[in-house]
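Report on the structure given below.
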Amino acid sequence: MIFTHDTTRLALLATLSLSYAGVCLAPWLRARAKRRASAAARAALANHPAWLVAYASQTGNAEELATQTAHSLQLAGIPVRLCALAELTAMDLQQAERALFLVSTYGEGDAPDNAAAFMGRLMTGELALPQLHYGVLALGDRSYGQFCGFGRALDAWLATQGASRLFQRIEVDRSASAAIEQWFQHLSHLAGTSDAPDWSAPAFGDWKLMQRQLLNPGSAGGAIYHVELAPVSGSLPDWQSGDLVQVAAPADPSQPREYSIASIPRDGRVHLLVRQHAHPDGSLGLASGWLTAQAQVGEVLQLRLRQHKRFRLEDNAQRPLILIGNGSGIAGLRGHLKSRVLAGQRRNWLIFGERNAAHDFHYREEIEGWHASGDLPRLDLAFSRDQAERTYVQDRLRGNADEITLWLQQGAAIYICGSLAGMAGGVDQALQEMLGRSALDALAAEGRYRRDVY
């Protein structure tokens, strides 16, 4: 055996050995990371049982809508099991907390072919379902005598078994868009309340409208107002950044509207950011119209606070935060930034998008002040209409992929607040391209990928 003392050769040999070890080790590390991501995803499902989204379809319409429904819930960070109604067992229903049924009717009130087995196997008997909260979208055709017959029968059977309706059954006549839009409006609301299926709603309290200010005069988009509210009793309840309020509009107090809280208790008032919704006929939304135009400053309204545990800081309070949002979604992110500044946590990165900087940079002075002071060291803005080529928050993400990855390696958590359509899906796709689906799912399971979208 011959030994060499040539340091160059020894260094080359060491380098080759390390390279070979790296080649051998890399597949093992990737496999281990994949196993950990899968385990984390399973743990997430164990801690947050998946919603059931079940369809019964004859021509494919109900299945397509069910797929869109499942995708919307997934974008909101909710685990979902999508399946045909025929695949559900009695145990599936008894273990589920929430289920959405999208079912069509065949002929004169009959179940579709792929639901006949479910009807014969389960709907002919008794099955205790006191824990189940459900919604039904029934598709049909009014030219038939038994309009939405199967959907109505399924709804009645579930209620008889002790299940509770999340909302009244929605019936669709030949794919009427208004009814389908109503379904997705309910879905948007449910995405915000999914962490509390058995939430016992407290009583509404008297709150006074203290201040209202239009934030985007001249904007190409809908008017957005900053609204401040204070309890009539003078005793301010406690809440955490990320929590919500429910406001009962006088015109329809049975349908309270939820808003992200844009302040913290230290501010002394609940701040909301409300986009004024206008219908095609010019009338305003019941809640947004009342808060932004009809109610007078000093008037009393009915309000209650709601914990939103899926969007609170909780275990992420000490982590670096990447906050991503658009439009009125800055409200929930502003609450988190205020909480972080108060706590002296300065590893904050805000990525925010709107139409035009001149009109739609909500809370501009405050945000730029945090940036200048070092409380918000990273600030990336995407004003889509300020240049010829539209730019959105997901584009800012892709342009900073290396730094996003570095922050996540350093333990950062990602919080997303804003529109479900467009923004949330685009951000999710951009992050998937950067990290891979399994890594993104693992972040969600770890509580480091949280979304409040609507």
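The values are calculated or read from the model by the stated rules, or taken from the named source; none is laboratory data. Note that the coordinates shown come from a computational prediction; the quantities given were computed from them, not determined experimentally. Here Cβ is always computed from backbone atoms with ideal geometry, including for glycine, and neighbour counts include all displayed protein chains. Note: accessible area is taken over every heavy atom of the protein model, side chains too, but ligands, DNA and RNA are not part of it. Shrake-Rupley method; radii C 1.70, N 1.55, O 1.52, S 1.80 Å.
Only beta bridges with both residues in the range 40-193 are counted; by DSSP, about 5 percent of them are antiparallel. The listed peptides 442-452, 210-220, ordered by packing as a protection proxy, come out as 442-452, 210-220 (highest mean of other Cβ atoms within 10 Å first).
Rounded to the nearest 500, the helix-only mean residue ellipticity at 222 nm of the chain stands at -11000 deg cm²/dmol, with each DSSP H run of n ≥ 4 adding -39,500 (n - 2.57). Residue order by solvent-accessible surface for Tyr415, Tyr392 is Tyr392, Tyr415, largest first, with ligands and nucleic acids left out and a 1.4 Å probe. Taken about its Cα centre, the range 205-307 carries a charge dipole of about 120 debye when Lys and Arg each add +1 at the Cβ and Asp and Glu each add -1 at the Cβ.
When the solvent-accessible surface of protein heavy atoms is calculated with a 1.4 angstrom probe, in what order do Lys208, Lys338 fall, highest first?
Details: Lys208 80, Lys338 30 Å².
From most accessible down to least: Lys208, Lys338.
Summary of packing: across the peptides 378-386, 226-234, 67-75, the per-residue average of other C-beta atoms within 10 Å ranks them, highest first, as 67-75, 378-386, 226-234.
Direction-averaged projected area, Cα convex hull, the range 205-307: 6.7 nm², rounded to one decimal.
Rolling a 1.4 angstrom probe over the protein heavy atoms with all chains in place gives the range 205-307 an accessible area of 44 Å² per residue. Only Cα pairs under 8 Å and 6+ residues apart enter the sum, and on that basis the relative contact order of the chain stands at 13 percent.
Under the combined filter of DSSP loop state and at most 14 neighbouring Cβ atoms within 10 Å, the range 367-413 retains these GluC sites (Glu not before Pro): Glu389.
Taking a sphere under 14 Å around the Cβ of Leu52 and counting the other residues whose Cβ falls inside, with K and R at +1 and D and E at -1, yields a net charge of -1. With N as its number of residues, the chain has a Cα radius of gyration that, divided by 2.2 N^0.38 Å, comes to 1.14. In the assembled protein chains, Phe147 presents an accessible area of approximately 10 Å² (probe radius 1.4 Å).
Does the range 40-193 come out rounded, prolate or oblate by the C-alpha gyration tensor, with a ≥ b ≥ c the root eigenvalues, rounded set by a/c under 1.5 and, if not, prolate when a/b is larger than b/c and oblate if not? Oblate. Packing around the peptides 343-355, 280-292, taken as the average count of other Cβ atoms within 10 Å per residue, puts them in this order, highest first: 343-355, 280-292. Computed in the context of the full set of protein chains, the accessible area of the range 311-453 at 1.4 Å probe radius has 44% of its extent on carbon or sulfur. Cys83 contributes an accessible area of around 0 Å² to the protein surface, as traced by a 1.4 Å probe with all chains present.
Across the accessible surface of the range 205-307, with the other protein chains kept in place and a 1.4 Å probe, carbon and sulfur atoms take up 47 percent. Rg ratio for the range 311-453: its Cα radius of gyration over 2.2 N^0.38 Å, N being its residue count, equals 0.97.
Note down the relative contact order for the range 40-193 as a percent, whole number, built from C-alpha pairs under 8 angstrom at least six residues apart.
Reported as a whole number, the value is 22 percent.
Compute the accessible area per residue over the range 373-454, keeping the other protein chains in place, probe 1.4 Å, unit Å². For the range 373-454, the solvent-accessible area averages 42 Å² per residue.
Beta-bridge orientation, the chain: approximately 40 percent antiparallel, per DSSP, counting only bridges with both partners inside.
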